[in-house]
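Worksheet for the structure shown next.
Just so you know, all these numbers are worked out from the coordinates, no wet-lab data involved. The shown structure was predicted, so the numbers you read here are calculated from the model rather than taken from an experiment.
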Amino acid sequence: MLCEGCGVEALVLKTCRRRDGEGSEAGVLCDPCWEPLADSLWIVVGPVAAHGRCRVCGGWSSVRELVEQKQGGKWDAPSGVCSSCVG
Ligand SMILES: [Zn+2]
Ligand SMILES: [Zn+2]
């Protein structure tokens, strides 16, 4: 996958959709490109969910960083507890 913001290549990137509905197509962004836009983008959960939502802080984390995972959280993304909330 290639980040549409900076062109970096990464195995797992966030697939995003603009919240205002302008341009319905999803974009693919790496974390540094996504963070400043997080308030205006929805994360689209792909066929293979790469990100899940932390049940404690509500933040998105890579599923690899989530413990106590459950399927079918908000927007059908996996939910769990992120590394910063576990500690
Ligand atoms: Zn990027
Ligand atoms: Zn958390």
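Once backbone amide H atoms are built at 1.01 Å from N, residue 44 has 15, 16, 17 as its partners under 5 Å, excluding neighbours fewer than 5 places away on the same chain. Across the range 11-20, rounded Karplus estimates of 3J(HN,Hα) from the backbone phi angles (6.51 cos²θ - 1.76 cosθ + 1.60, θ = phi - 60°) give 5, 10, 10, 7, 9, 10, 9, 5, 5, 7 Hz, Gly and Pro being marked x.
Extension gain, residue 71-residue 35: 0.36 nm per intervening residue step, less the Cα-Cα distance, totals 10.5 nm. For the range 34-44, 3J(HN,Hα) computed residue by residue from phi via the Karplus equation (6.51, -1.76, 1.60; θ = phi - 60°) reads 6, 4, x, 9, 4, 6, 10, 10, 9, 8, 8 Hz, glycine and proline entered as x. The length gained on full extension between residue 85 and residue 20, counted as 0.36 nm times the residue separation minus their Cα-Cα distance, comes to 20.3 nm.
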